[in-house]
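Inspection log for the structure reproduced underneath, given as structure tokens.
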Amino acid sequence: MGTGAEAHNRIGLTSRHLLRDGQPWIPVSGEIHYSRVAHERWRERLLLMRSGGVTVISSYVIWLHHQPVEGEASFDGNLDVAAFVRLCAELGFHVVLRIGPWAHGEVRNGGFPDWVQSAAVAHRTNDPKYLSLVHKWFARLGHELADLCGPDSAVIGIQVENELYDQPEHLRTLKDMARQVGLAAPLYTATAWGGAELPDDELFPLYSGYGDGFWVDSDAPWNSTFRQHFFFSDEWDDVGVGADVRGIAINEAQTRPRNESFPPATCELGGGMATTYHRRIMPTGQHIAAVANAKIGSGSAWQGYYMYAGGLNPHGPIPFQESQATGYPNDLPTFDYNFHAAIGAAGQLASSHSTLRNQHAFLAAFGHQLAQMPPSFPGRMPQGVEDLTTLRWTVRSDGATGFLFLNWDQPHIPLPTLRDVRLEVQLGAGSLSIGSGPLDIFPGTVARWPIGLIVGGLRVNWATGSVLTLLDSRTLVLLAEPGRDVQIAINGDPAVHHIDGEAGGTLSLGEGAMAARIVIIGRRDTERVWVLEEQPRRLLLSDDPLWVDGGELVVRASMPPRVNEWLDGEWRELTLRPDATPNRPTAITTLQVRTASEPPIGYGQIASRPSAPRAEDIRNLAAEFQLDGIGHQDDTTRREITIVWAGDIAQLLVDGEVRVDQFWDGSPWHIDLDLIEGAEQGRVILRVLGLHRESPVRVPADAEGRRRATSGALNSVDVVEVAKSALWRER
């Protein structure tokens, strides 16, 4: 693997880290499903992933999407996987294809077409009849993709199957079948969580890390399998993920020791969470970043997120989503797969885009060093996942320099402020105390502090701000932490420098060959900062999504964006001009054309999981509103509608047909109107089904508070706005 018949000219693998161009490398992979994103939006989504620090694009190849009818495989439009891979290559990405044939991904039958699901074969085994079906499908994929694989290609990894736990010989067979049809890559991977048994040294085992999940009952407490991911640990297995598919309780699966022939790596850190009917999880960007930070501090050699960019299920002859009707214990929306990802289904950015891109900027600048630094855990570790008093921290170091990782953040159960904490690190040169005195560690701290870092010939003994990036050999950028100023200690300088944590600032040190500048991004700007991996690196502040395309800075905004760049030692505002005439968010008229009826408490259940209402239930009970003032599609701007609503289920209809939908969890609903054919004035209806006050579905705490504050069924449309965004370019 990495050196055999499918050896790649750029990518290699050791037991400690990956290599790119012969140098240690920590990849950042983000999941996006090309078949769930409109072809005309691929480029922008990928560019937003790149400006978020993603270096590897990962995608399921979902058999059901391509071939719902036997003998009629489609690779056109949104299904043109070869065009997608070529675009990834053009934009400088590496690619991992997750070819299945069984994928899961909250897809009907786990991605099997119905005609495969109903075939008289032993699925997901070496049954020759099953393998015959798979071979034909793999051969068709090889026809599309084999020419895009090879030693110089963008394709560096191929995952076979998904969440298969007890069929190692079948996994080996699938790998061989993929190779036979030209699906070649230096890395063949498999999901290793849940105690999965993999063929020895044949497949690179990749792990997961979700801080919460929909695969437990609606009334279940926050399970230990979720809580463990907020701690630094040398345990990489996760028995919770996929338990619902296996039909077992979340804690029943046995863990398996990590194969240390391979470095610890992930492909499914929770970049968000799917919304099921019974349990609606809405993770914050801070909590998502805390899990990711815990993995980096624990020695991760590969940061992989599922999902990084959400999407919509295709329209087709059958519903494509998993549901109780297809034998799955959970009901999902028919179309919505926003996943609360860093990049949403309509291209909007979640708070996780900023919290994660800050970590990824650090990996881009220091990953080649970090990859060679094993983790060291403190002598006093937390006593289990319920420990709320022991600091969670670790160090990755080569003995002379390194990084101290802190994780004092988690959802659901508040953490206290830890007072008078003393941190001491043993390096080759001796003991190093961090801070000018005892430190207070505030909740929400997700940090990576430098230790012994050389900048401009000076040695930063330590700093209590997170490393963001190195703009050049003399300019280090740090981020302030919650509740504190940034302290910086320089070797040979008796003073400890203090920089205001709210506003930030700049510290210039030394002179001549021994000079450095440390730029501190204050808390008011940590969610606005961007690091673009251009030559040279660019440091910017912007509230709006931005990227570089063809060497040109591009910002998408409905109002004039304000973008500042760090240039020549100061922040300078850039001059940007729009390609078209945008329009700021404008409230539109919602004319109620149907009154809601009282919803029942529930619509039945399967295996203790509440069932979603049937289509006729929604039609008969929901309120309906005609949306006036949404405008018309044009070729220069993009219409996005934002709906703030409360209830159970909402649907957007065009000419009476449901085109998109959402289960309510308290978050605004963003819809890219220009991707919905016929979404024009007078043709669009918003349908909202009320949520009974005693419904057994679980919603986030804020949403639950609103439900409890309502005397009857909750059914409200609060705000409907339409904005037209344009692309603003640097002049």
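The values are calculated or read from the model by the stated rules, or taken from the named source; none is laboratory data. This structure is a prediction, so every number in the text was calculated from the model and none was measured. Here Cβ is always computed from backbone atoms with ideal geometry, including for glycine, and neighbour counts include all displayed protein chains. Remember, those area values only see protein heavy atoms, side chains included, never the ligands or the DNA or RNA. Shrake-Rupley method; radii C 1.70, N 1.55, O 1.52, S 1.80 Å.
Quick look at the values:
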| quantity | calculated |
| --- | --- |
| Extreme residue, farthest from Ile318 (Cα to Cα), among residues of the range 109-130 that are open to solvent by less than 10 Å² (accessible area, probe 1.4 Å) and among the small types (Gly, Ala, Ser) | Gly110 |
| Residue, most open to solvent (accessible area, probe 1.4 Å), within the range 504-533, restricted to residues that are outside any strand (DSSP E or B) and closer than 25 Å to Leu363 by Cα | Arg524 |
| Cβ-Cβ under 7 Å pairs, at least 6 apart or on other chains, the range 535-559 side in a loop (DSSP other than H, G, I, E, B), far side of a type in the set (S, T, N, Q) and surrounded by 21 or more Cβ atoms within 10 Å (Cβ to Cβ) | Arg537/Thr469; Ser558/Ser725 |
| Odd one out for Ala243 among (1) under 16 Å from Asp217 (Cβ atoms); (2) touching a residue at least 12 places away in the same chain (Cβ under 8 Å); (3) open to solvent by 20 Å² or more (accessible area, probe 1.4 Å) | (3) |
| Tally, over the range 617-634, of residues that are open to solvent by 30 Å² or more (accessible area, probe 1.4 Å), part of a strand (DSSP E or B) and under 29 Å from Trp728 (Cα atoms) | 1 |
| Counted residues, the range 423-437 - those being in contact (Cβ under 8 Å) with a residue 60 or more places away in the chain and of a type in the set (D, E, K, R) | 0 |
| Filter result for the condition that a residue is free of Cβ contacts under 8 Å to residues at least 60 places away in the same chain, of a type in the set (A, V, I, L, M, F, W, C), open to solvent by 20 Å² or more (accessible area, probe 1.4 Å) and over 30 Å from Gly240 (Cβ atoms), over Leu148, Leu133 | Leu133 |
| Residues that are open to solvent by 10 Å² or more (accessible area, probe 1.4 Å) and in a helix (DSSP H, G or I), drawn from the range 292-323 | Lys295 |
| Among (1) open to solvent by less than 30 Å² (accessible area, probe 1.4 Å); (2) more than 32 Å from the chain's Cα centre (by Cα); (3) farther than 19 Å from Val486 by Cβ; (4) among the small types (Gly, Ala, Ser), the one test that Gly435 misses | (3) |
| Unique match (being assigned to a helix (DSSP H, G or I) and surrounded by fewer than 17 Cβ atoms within 10 Å (Cβ to Cβ)) among His170, His143 | His143 |
| Whichever residue in the range 692-728 is touching a strand residue (DSSP E or B) at 6+ places or on another chain (Cβ under 9 Å) and among the polar types (S, T, N, Q) and, among such residues, is most open to solvent (accessible area, probe 1.4 Å) | Asn715 |
| Unique match (being touching a Phe, Trp or Tyr at 6+ places or on another chain (Cβ under 6 Å) and of a type in the set (Asp, Glu)) among Glu44, Glu31, Glu90, Glu6 | Glu31 |
| Conditions (1) part of a loop (DSSP other than H, G, I, E, B); (2) within 24 Å of Gly30 (Cα to Cα); (3) among the hydrophobic types (A, V, I, L, M, F, W, C): number failed by Ala122 | (2) |
| Hits in the range 437-465 (condition: under 19 Å from Glu502 (Cβ atoms) and either in a strand (DSSP E or B) or of a type in the set (Val, Ile, Thr) (or both)) | Leu439, Asp440, Ile441, Thr445, Val446, Ala447, Trp449, Ala463, Thr464 |
| Lone unmet requirement of (1) closer than 23 Å to Ile451 by Cβ; (2) touching a Pro at 6+ places or on another chain (Cβ under 7 Å) for His340 | (1) |
| Options Thr276, Thr266, Thr326, Thr334; residue that is over 30 Å from Pro482 (Cα atoms) and open to solvent by less than 10 Å² (accessible area, probe 1.4 Å) | Thr276 |
| In the range 597-616, residue nearest to the chain's Cα centre (by Cα) [restricted to those that are of a type in the set (A, V, I, L, M) and not in a helix (DSSP H, G or I)] | Ala612 |
| Residues being open to solvent by 10 Å² or more (accessible area, probe 1.4 Å) and over 26 Å from the mean Cα position of the chain (by Cα) - total across the range 438-455 | 3 |
| The range 213-231, residues that are in a loop (DSSP other than H, G, I, E, B), among the aromatic types (Phe, Trp, Tyr) and open to solvent by less than 10 Å² (accessible area, probe 1.4 Å) | Phe214 |
| Candidate set from the range 561-596 (those that are assigned to a loop (DSSP other than H, G, I, E, B) and open to solvent by less than 50 Å² (accessible area, probe 1.4 Å)); member that is farthest from Thr642 (Cα to Cα) | Gly569 |
| Complete set of residues in the range 635-664 that are of a type in the set (Lys, Arg), open to solvent by 20 Å² or more (accessible area, probe 1.4 Å) and farther than 18 Å from His315 by Cβ | Arg638 |
| Every residue from the range 407-424 that is within 25 Å of the chain's Cα centre (by Cα) and either open to solvent by less than 40 Å² (accessible area, probe 1.4 Å) or of a type in the set (Asp, Glu) (or both) | Asn407, Trp408, Asp409, Gln410, Pro411, Leu415 |
| Which listed residue, of Leu427, Leu404, is in contact with a Gly (Cβ under 8 Å, 6 or more places away or on another chain) and open to solvent by less than 30 Å² (accessible area, probe 1.4 Å) | Leu427 |
| Residue selected from the range 352-396 under the condition part of a strand (DSSP E or B) and open to solvent by less than 20 Å² (accessible area, probe 1.4 Å), by the criterion farthest from Phe442 (Cα to Cα) | Arg396 |
| Residue match in the range 252-266 (condition: part of a loop (DSSP other than H, G, I, E, B), at pLDDT below 95 and touching a helix residue (DSSP H, G or I) at 6+ places or on another chain (Cβ under 8 Å)) | yes |
| The one condition in (1) at pLDDT 95 or above; (2) over 28 Å from Ile32 (Cβ atoms) that Ile248 fails to fulfil | (1) |
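Rundown of residues vs (1) among the acidic types (Asp, Glu); (2) under 30 Å from Ser608 (Cα atoms); (3) in contact with a Gly (Cβ under 8 Å, 6 or more places away or on another chain), yes/no style:
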{"residue": "Glu144", "(1), (2), (3)": "yes, no, no"}
{"residue": "Gly157", "(1), (2), (3)": "no, no, no"}
{"residue": "His170", "(1), (2), (3)": "no, no, no"}
{"residue": "Phe204", "(1), (2), (3)": "no, no, yes"}
